[in-house]
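The structure under discussion appears below in the form of structure tokens.
The values are calculated or read from the model by the stated rules, or taken from the named source; none is laboratory data. Everything quoted here is computed from the prediction, not taken from an experiment. Here the Cβ is made from the backbone with ideal geometry for all residues, glycine too, and neighbour counts use every protein chain on show. Surface areas here come from the heavy atoms of the whole protein model, side chains and all, with no ligands, DNA or RNA. Shrake-Rupley method; radii C 1.70, N 1.55, O 1.52, S 1.80 Å.
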Amino acid sequence: MHARKDSLPASILASIRSRKKRLDAAYTEARPRSAGTLIASYNVHKCIGTDRRFDPERTSRVIHEIGADVIALQEADTRFGERTGILDLGRLERETGLIAVPVAGMAKAHGWHGNVVLFKKGLVHDVHQVKLPGLEPRGALVAEIELEKGGVLRIIAAHFGLLRHSRAQQARMLVELINDRHEMPTILLGDLNEWRLGDRSSLNTFQSAFGPLPPAVPSFPAGLPLLALDRIIANRKGIISQVEAHDTPLARIASDHLPIKALIDLEPVPG
């Protein structure tokens, strides 16, 4: 297989080359938490790690480690049947303060098609469960959350399909949804399963609603991230600071994806 010109840009190659030095320096000691609202996305891979062990406790420790104010999880339920939740949400709330955005009609599942939104100290105004088009059963969870620190934020937590045609359909559907209600600051985050960059990427569809997309941050596979499958993007300029992977020894083994995270600021950008 020949590498395409747009598959591994210089930014990703540079990230790979400097990764070991960066990790050794960054996580020798605990990193201080910056001010602001921390938002994150994490495909927990049904709590199965790269060592093939099913370990929800380990997954919860990574979520605790991230310290997010709002976090979207993918693959947090079993895939078939009643889609039973696989995390101990009660314990997670006690230990982190994170509570799940409620979803309707899912008695045993944590979320919607495996998508869960957890948040700290806020008020949920509205929740919608969106069934995404495509051959695979995929969905998005849309929640409007009034943050304790001020401001109302629309979260769209999504998990796109593995087929390129399906991803293009799913992106178009979410753009239509956003364009209908463009007045609110909106963050789209999740595993969008798009490794292509440049003109071939289905994510180009989002530019009409979000503008230029932030630089790609490799998050998959967790042991040596090459592909930017996970994304955090906003419909307003200046809301999101630099997106980065939460790359720790525990995160590298707890799932096949690394979590990604970013600080958000809902204050309007001057000018």
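For region 35-262, give the magnitude of the charge dipole about the Cα centre (Cβ charges: +1 Lys/Arg, -1 Asp/Glu; no others), in debye to the nearest 20. Mind showing how you got there, number by number?
Numbers: 27 positive and 26 negative charges, 63 e Å.
Here region 35-262 has a charge dipole of around 300 debye.
Averaged per residue, what accessible area in Å² does region 156-271 show with a 1.4 Å probe, protein chains only? Kindly include the intermediate steps, with their values, before the conclusion.
Working: 4800 Å² over 116 residues.
Averaged over the residues of region 156-271, the accessible area is 41 Å².
Rounded to the nearest 20 debye, what is the charge dipole size of region 147-239 about its Cα centre when +1 sits on each Lys and Arg Cβ and -1 on each Asp and Glu Cβ? Kindly include the intermediate steps, with their values, before the conclusion.
On the way: 11 positive and 8 negative charges, 26 e Å.
For this selection, approximately 120 debye.
Report, largest value first, the span of the C-alpha coordinates of region 47-130 along each principal axis, in whole Å.
That gives 40, 31, 18 Å along the principal axes, largest extent first.
With the full set of protein chains in place, find how many percent of the accessible area of region 134-248 is carbon and sulfur; take the probe as 1.4 Å. Intermediate values should be presented prior to the final figure.
Details: 2530 of 4560 Å².
The nonpolar share, carbon plus sulfur, comes to 56 percent.
I want to check the label-to-label distance for ASP126 and LYS237. Put each point 7 Å from Cα in the C-beta direction and report it in nm to one decimal.
With each label point 7 Å from Cα toward Cβ, the separation is 2.6 nm.
From the residues GLY139, ALA171, THR37, which one has its Cα farthest along the dipole of region 35-262 in the positive direction, the dipole being from +1 and -1 charges on Cβ of Lys/Arg and Asp/Glu about the Cα centre?
About the Cα centre, the residue reaching furthest to the positive side is ALA171.
Go through region 168-271 and name the chymotrypsin sites (Phe, Trp or Tyr not before Pro) that are in a DSSP coil and have 10 or fewer other Cβ atoms within 10 Å of their Cβ.
On the way: sites: TRP195, PHE206, PHE210; in loops: TRP195.
Counting only loop positions with at most 10 other Cβ atoms within 10 Å, none of the chymotrypsin sites (Phe, Trp or Tyr not before Pro) in region 168-271 qualifies.
Could you sort the peptides 135-141, 110-116 by per-residue average Cβ neighbour count (10 Å cutoff), highest mean leading?
Working: 135-141: 18.4, 110-116: 25.9.
Ranked from most to least packed, the peptides come out as 110-116, 135-141.
With every protein chain left in place, what is the accessible area of SER166 in Å² (1.4 Å probe, nearest 10)?
Counting only protein heavy atoms, SER166 exposes about 10 Å² to solvent.
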